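In what follows, a structure is listed as structure tokens, so that the remarks can point back to it.
The values are calculated or read from the model by the stated rules, or taken from the named source; none is laboratory data. Remember, it's a predicted structure, so these values are computed and weren't measured experimentally. All Cβ positions, even for glycine, are placed from backbone atoms using ideal geometry, and neighbour counts span all protein chains on display.
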Amino acid sequence: DGGITQSPKYLFRKEGQNVTLSCEQNLNHDAMYWYRQDPGQGLRLIYYSQIVNDFQKGDIAEGYSVSREKKESFPLTVTSAQKNPTAFYLCASSMTTQNIQYFGAGTRLSVL
Amino acid sequence: DAKTTQPNSMESNEEEPVHLPCNHSTISGTDYIHWYRQLPSQGPEYVIHGLTSNVNNRMASLAIAEDRKSSTLILHRATLRDAAVYYCILLVNTGNQFYFGTGTSLTVIP
């Protein structure tokens, strides 16, 4: 089935640790996105990528890093510099940045 | 930023129509209006989008005001599975981002 796969579903981070969230899509989409959602809030854009080997900061990029080495993959690293990482993280993709976005099921990150 | 304004919450009885309003007074002529919905602990799901004319699909209808400063998502017969947070979003033609607000939490009463 075509779609977006995020893993893991739940992730725990120890203080001072970097963790990486996986996002894979088989929709042949050029654009991919990472959003953060806090309880009772809307989505905030962390990073987006319009094409392989290119990505742009969103509104809340500090403490996060990404890579886009392959069209189908857009992993997000939550670094130790992100002091409040507990949130629901959503990955999305679209044909281009002007098209409908399709979302994964999300990864819930908690701090131990 | 392209901004939208929605009521925080709404209620509807099951099998009745629901009209979810959205104000977007800063919209420009080439900005598309998108609606997504999010069930608890899931990613958002596309519902419908439009530019100027009213739009219909199997999920809902989108009514866009003549001046485009507001729009209404219409669910023709609400079911319990329609209980979700509904986001009205502007896709700015000159930008590369969707801006999600806090949305409208829809409760469907059996």
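Here are some notes:
- Number of the condition not met by A:C23 [criteria: (1) surrounded by 14 or more Cβ atoms within 10 Å (Cβ to Cβ); (2) modelled with pLDDT under 95; (3) touching a Gly at 6+ places or on another chain (Cβ under 7 Å)]: (2)
- Note on region B:43-54: residues that are more than 11 Å from chain A (Cβ to nearest Cβ) and either touching a Lys or Arg at 6+ places or on another chain (Cβ under 9 Å) or hydrophobic (A, V, I, L, M, F, W, C) (or both) total 2.
- Any hit, region B:89-100, residues being of a type outside the set (A, V, I, L, M, F, W, C) and modelled with pLDDT of 95 or more: no
- The single condition among (1) more than 21 Å from A:T96 (Cβ to Cβ); (2) more than 10 Å from chain A (Cβ to nearest Cβ); (3) buried (at least 21 other Cβ atoms within 10 Å of the Cβ) that B:P40 does not meet is (3).
- Evaluation of A:Q17 against (1) in contact (Cβ under 8 Å) with a residue 60 or more places away in the chain; (2) polar (S, T, N, Q); (3) out of contact with any Gly (no Cβ under 9 Å at 6 or more places or on another chain); (4) buried (at least 16 other Cβ atoms within 10 Å of the Cβ) (one fails), failing number: (4)
- Taking first residues from region B:57-82 that are closer than 13 Å to B:V47 by Cα and partners that are modelled with pLDDT of 95 or more and acidic (D, E), the Cβ contacts under 6 Å between residues at least 6 apart in sequence or on separate chains come to B:L75/B:D82.
- Residue in region B:23-32 that is surrounded by 15 or more Cβ atoms within 10 Å (Cβ to Cβ) and within 14 Å of chain A (Cβ to nearest Cβ) present: yes
Yes or no, residue by residue, for (1) among the polar types (S, T, N, Q); (2) closer than 28 Å to A:T5 by Cα; (3) within 11 Å of chain A (Cβ to nearest Cβ):
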site: B:N56; (1), (2), (3): yes, no, no
site: B:A60; (1), (2), (3): no, yes, no
site: B:T72; (1), (2), (3): yes, no, no
site: B:Y87; (1), (2), (3): no, yes, yes
site: B:G103; (1), (2), (3): no, yes, yes
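For (1) under 10 Å from the mean Cα position of the chain (by Cα); (2) modelled with pLDDT of 95 or more; (3) closer than 19 Å to B:L90 by Cβ; (4) of a type in the set (F, W, Y), each residue gets a yes or a no:
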residue: A:Q41; (1), (2), (3), (4): no, no, yes, no
residue: A:L45; (1), (2), (3), (4): yes, no, yes, no
residue: A:D59; (1), (2), (3), (4): no, no, yes, no
residue: A:L76; (1), (2), (3), (4): yes, yes, no, no
residue: A:K83; (1), (2), (3), (4): no, no, no, no
residue: A:A87; (1), (2), (3), (4): no, yes, no, no
residue: A:M95; (1), (2), (3), (4): no, no, yes, no
residue: A:L109; (1), (2), (3), (4): no, yes, no, no
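- Residue count for region B:83-110, restricted to those that are buried (at least 16 other Cβ atoms within 10 Å of the Cβ) and not in a strand (DSSP E or B): 8
- Restricting region A:101-112 to residues that are surrounded by fewer than 17 Cβ atoms within 10 Å (Cβ to Cβ) and facing chain B (nearest Cβ under 9 Å) leaves a set whose member that is farthest from A:Q17 (Cα to Cα) is A:A105.
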